[in-house]
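Below: one structure, written as structure tokens.
The values are calculated or read from the model by the stated rules, or taken from the named source; none is laboratory data. Here the structure is a predicted model, which is why all the values come from computation and not from measurement. Using ideal geometry, Cβ is built from the backbone for each residue, glycine included, and neighbour counts are taken over all protein chains shown. For the accessible areas, the whole protein counts, side chains as well, though only heavy atoms, and no ligand, DNA or RNA atoms are used. Shrake-Rupley method; radii C 1.70, N 1.55, O 1.52, S 1.80 Å.
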Amino acid sequence: YLRKNKAKLLDIKVINGSVVMCRIMYKEKRIEFRDSYAILPASLERLTNDFNVEHKKLKMDYELGVNDKNFVQYFNNDLMGLYEVLEQSQSLLEKLTLAGNTMNIFIKKFYKEKISNNSLKLNELFRQGYYGGRVEIFKLRGVELNYYDINSLYPSVMHDFEYPLIENHNYEYTNEYIPDTLGYYYCNIKTPDMNIPILPYRREDKKLIFPVGSWSGWYYSPEIAKARELGYKIDVKRGYVFKKTDYIFKDFVEYYYNIKRHSSGSKKAIAKLLLNSLYGKFGQRTEFDEFIIGNGSERYFYIPFLNLTRTKRVSYAKYQHSEIAGLITSYARVRLYELFERAGIENIYYCDTDSIITSSLLKTSDALGDIKNESAISEFIAIAPKVYAYTSKDNGEVVIKAKGLNAKQLSFEDFRNAIYRNDFSKFVYEYERIATFKQYSVRHLNNFSDKLKVIRHLKSSYDKRIINVKDLSTMPFKV
């Protein structure tokens, strides 16, 4: 469209393969387009309901075609609903993404110390011990279970524990483990014989597993302390301890968690978004793709009709501190493991970052870091991380989660066939989609409106633990 209408591209920002902003000159006017989803990452239906605006997202039968008169009202509500949501989100419009806005709010209003950045080399070293959430199946099928969520897991560990101050040189080298101190260590690990280990391990295929055996790696002190408590033999070879620490997130979390608990509409929605989007900003990668106007000499892809060059850029942002992100996720995995222990290790069927499915009945509360009962379950079947089904004990409803697939095309019987007959034929999802900006630039497509055929197929069963086909339990891999 820009090319056909002789509009000039002035600037563009691409984050994680998506265009979040572009600025053009069109008929002597400067126009800036922004992606609202990068600021408010939720469906328009959910946003208009959560913010309780006048113009709610409407239901529409898309098969009628856009010439149907009902589409006028449908489009009107889409536009006005988003506009009304944005009117209530002024604090989130300063930066291009939700994470950027959250960091901006945190630094300006809550962090009282001076900020300086790590060296790129040190930041990458701290990233080696930065692991993600834990998603595992311990038993593929169960009956009479309960599904529990931890209330705001990441905000809770940000609130409850100390972290290093956000500055460079806030560490000392050491060649021994120092208890009761925040640290980061390279260790030789030897696990005891156990069914649910605690320490993560990144395989060559990049999958995160929790194995038994012996290996070496970088780990933060919260998990090392818990692993030693569980009988791990850990020989620390070298590492760092952090000199200045404090409860740097406590005020931020308390402020927005109180709003979340005692508000409704836009206040509650924004508070929830801010609580869950801060931690990852500390661990973002320092090197990323950048698109610049002109035919740059350091290019590795060029879009001639937009005069746009794709190149690499290194960020020197002061808030890039992988040790903070690594500690947050380390504390979170320990808190999840403590929930395993509270329910009884032998009673855990499934976990997903901040939730468990268990045969135990546990006390709940709405306190930060405690648990709530998401559902009572009659029957549960899981075949892969984030691919599971269960029947609700309360109303008999079948709930199907199938990340990367089309859950609406699946039935509970399909899950039974998968685990009992090794039949995954129904776990196929084929669809067409317009190529993303990143796909266009990587695949050298002819046009931005080109469609790509996408085929997702779950071809085999769970591969992050070893399945015992006799009783459908699993056990950890050995490394």
request  = Find the residue count for the range 333-359, including only residues that are surrounded by fewer than 16 Cβ atoms within 10 Å (Cβ to Cβ) and either in a loop (DSSP other than H, G, I, E, B) or among the small types (Gly, Ala, Ser) (or both).
outcome  = 1
ask   = Does residue 79 satisfy the condition of being in a loop (DSSP other than H, G, I, E, B), at pLDDT 90 or above and over 17 Å from residue 272 (Cα atoms)?
value = no
remark   = Note on residue 379: of the conditions (1) part of a strand (DSSP E or B); (2) open to solvent by 40 Å² or more (accessible area, probe 1.4 Å); (3) acidic (Asp, Glu), unmet is (2)
request  = Tell me, please, whether a residue that is open to solvent by less than 20 Å² (accessible area, probe 1.4 Å), touching a strand residue (DSSP E or B) at 6+ places or on another chain (Cβ under 8 Å), in a loop (DSSP other than H, G, I, E, B) and aromatic (Phe, Trp, Tyr) can be found in the range 182-201.
outcome  = no
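Restricting attention to the range 165-181, which residues are among the hydroxyl-bearing types (Ser, Thr, Tyr) and open to solvent by less than 30 Å² (accessible area, probe 1.4 Å)? Spell out how you get there, then give the answer.
To start, the set of residues in the range 165-181 that are among the hydroxyl-bearing types (Ser, Thr, Tyr) comprises 171, 173-174, 177, 181.
Once the filter is applied, which keeps residues that are among the hydroxyl-bearing types (Ser, Thr, Tyr) and open to solvent by less than 30 Å² (accessible area, probe 1.4 Å), the range 165-181 yields only 174.
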task = Report, by residue number, each residue of the range 101-132 that is surrounded by fewer than 16 Cβ atoms within 10 Å (Cβ to Cβ) and within 17 Å of the chain's Cα centre (by Cα).
result = 132
1 or more residues polar (S, T, N, Q) and open to solvent by less than 80 Å² (accessible area, probe 1.4 Å): qualifying strands (runs of 3 or more DSSP E) within the range 1-74 = 18-26
Residues of the range 165-181 satisfying the condition of being under 16 Å from residue 326 (Cβ atoms) and either part of a strand (DSSP E or B) or in contact with a strand residue (DSSP E or B) (Cβ under 9 Å, 6 or more places away or on another chain) (or both) = 165, 170, 171, 181
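Only one of these is assigned to a loop (DSSP other than H, G, I, E, B), surrounded by 13 or more Cβ atoms within 10 Å (Cβ to Cβ), among the aromatic types (Phe, Trp, Tyr) and at pLDDT 80 or above: 462, 420, 429, 390. Name it. Show your work before the answer.
Details: 420 fails: assigned to a loop (DSSP other than H, G, I, E, B); 429 fails: assigned to a loop (DSSP other than H, G, I, E, B); 390 fails: assigned to a loop (DSSP other than H, G, I, E, B).
Sole residue among the options that is assigned to a loop (DSSP other than H, G, I, E, B), surrounded by 13 or more Cβ atoms within 10 Å (Cβ to Cβ), among the aromatic types (Phe, Trp, Tyr) and at pLDDT 80 or above: 462.
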request  = Answer yes or no as to whether residue 371 is touching a Phe, Trp or Tyr at 6+ places or on another chain (Cβ under 6 Å), within 23 Å of residue 461 (Cβ to Cβ), of a type in the set (Val, Ile, Thr) and in contact (Cβ under 8 Å) with a residue 60 or more places away in the chain.
outcome  = no
inquiry  = Anything in the range 137-164 that is assigned to a strand (DSSP E or B) and either open to solvent by less than 10 Å² (accessible area, probe 1.4 Å) or in contact with a helix residue (DSSP H, G or I) (Cβ under 6 Å, 6 or more places away or on another chain) (or both)? List them, or say none.
reply    = 137, 142, 145, 148, 150, 163, 164
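Which ranges mark the strands (runs of 3 or more DSSP E) fully within the range 206-305 that have 2 or more residues being crowded, with 16+ Cβ neighbours inside 10 Å and not acidic (Asp, Glu)? I'd like the intermediate steps shown before the answer.
On the way: elements: 214-220, 233-242, 287-293, 301-303.
The qualifying strands (runs of 3 or more DSSP E) are 214-220, 233-242, 287-293.
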